[in-house]
Amino acid sequence: MKIQTFDTRPVALTIKKIVRENENTNTYVFDYPLGARSGQFVMLWIPGVDEKPFSVAYDNGTEFWLTICRVGPATKELFKLKEGDKVGVRGPFGTNYEFKKGDKVALVAGGYGAAPMYFCAHEAVKAGAEVDFIVGARSEDLLLFTHKVSGLSDVDLHIATDDGSCGFKGYTTQVLEKLFKKKKFNKVCTCGPEIMEKFVGEIAEKHGVDAEISVEKYMKCGFGVCGQCVIDDSGEPICKKGCVMKYSYLKRMPEFGKYHRDAQGKKHNF
């Protein structure tokens, strides 16, 4: 996992295209050579509103995507913007996933974690890896990027929904357990709810693989200055240590899979 160089100053970018993924999720497309690697994130400035971190959903060197769910005041204002409007972007920041030819990879995506995991699948295939892509959501209408993933070569798509409206009725972790009984993976990567990520890490470790996990914490600066995203008890900032981190490291952290901190540093249990 390498750390990409970056510029801490925001660049004003025009929204080239907005793709409606579902009722509460849009993909914003930008013409700009960001140079992000799978697993990295940017700080997106919504003029007059706020600046928030978002994982990169795709980057081909000339164009990049941000897939964003409407979950709070800032994203509510973002959803009012239209194609042709401008936003500010800083980054890319953080560590990334890496793949090589011959890797046998299990990618586990929960909710809107499907977007950055699609970027991983794309890069893994490009590197010559074989990929099993497990994606889950509460119901079929909330699934993301399944059509894009199914269009990739050397990728087997597995869908899980809580209500059984599409694919396996149950959780992505159950699908992962079943796949480990049939296949031998040398790499497991995951992005989604932290509770799911914790179980993915445990399953992978049980089968001799140290999972790589994208960890989401409250961030303000993106490059280790503000201290908002430091991990209990190490004091290391997620924005520099991660967001892509090994389960063998995270499992020693008292907060992982148990609680997170808000903007004021207050603990909130999962």
Task: Residues of type aspartates and glutamates that LYS148 reaches as a straight line, Cα spacing below 16 Å, ignoring anything fewer than 8 places off in the same chain - done: GLU21, ASP59, GLU123, ASP132, GLU140, ASP156
- [ ] For the range 40-110 and the range 210-256, write down the distance between their C-alpha centroids in whole Å.
- [x] 18
Task: Calculated on alpha-carbon atoms, Rg and Dmax of the chain in Å - done: 17.6, 52
Open item on the list: How big is the dipole moment of the chain about its Cα centre under a simple scheme where the beta carbon of each Lys and Arg is +1, that of each Asp and Glu is -1, and everything else is neutral? Debye, nearest 20, please.
Closed with: 340
TODO: Specify the residue with the greatest mean-square fluctuation among ASP210, ASP132, ASP154, computed from a Gaussian network of the chain linking alpha-carbon atoms under 10 Å apart.
DONE: ASP154
Open item on the list: Over the Cα atoms of the range 11-93, what radius of gyration and what Dmax do you get, in Å?
Closed with: 11.5, 31
Task: Relative packing of peptides 43-50, 93-100 - highest average C-beta neighbours within 10 Å first - done: 93-100, 43-50
Open item on the list: Quick query: amide H of LYS246 versus all other amide H atoms, modeled in the peptide plane; which residues come in under 5 Å with a sequence gap of 5 or more or a different chain?
Closed with: ILE213
Open item on the list: Cut-off under 18 Å on the C-alpha distance; same-chain residues fewer than 8 positions from LYS206 excluded. Which lysines are left, in chain and number order?
Closed with: LYS104, LYS178, LYS181, LYS182, LYS183, LYS184, LYS187, LYS198, LYS246, LYS251
Task: Exposure proxy order (Cβ contacts within 10 Å, fewest to most) of THR173, THR62 - done: THR62, THR173
Task: Equivalent ellipsoid dimensions for the range 35-189 as semi-axes, Å, which come from the Cα gyration tensor, largest first - done: 29, 20, 12
Open item on the list: Only counting other Cβ atoms within 10 Å, I'd like VAL209, VAL200, VAL108 sorted with the fewest neighbours first.
Closed with: VAL209, VAL200, VAL108
Task: Descending principal axes extents, the range 119-173, alpha-carbon based, whole Å - done: 35, 19, 13
Open item on the list: Restricting things to Cα coordinates, could you compute the convex hull volume per residue of the range 134-263 in Å³?
Closed with: 129
TODO: Please identify every one of the GluC sites (Glu not before Pro) in the range 13-66 that sits in a loop by DSSP and has no more than 16 other beta carbons within 10 Å of its own beta carbon.
DONE: GLU23
TODO: Could you line up ILE68, ILE15 from fewest to most neighbouring Cβ atoms inside 10 Å?
DONE: ILE15, ILE68
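Taken together, the values in this text are just the output of simple stated rules run on the coordinates, not laboratory data. Just so it is clear, the structure is predicted and the values come from calculations on it, not from any experiment. Methodologically, a virtual Cβ is constructed for each residue, glycine included, from the backbone with ideal geometry; neighbour enumeration extends over all protein chains shown.
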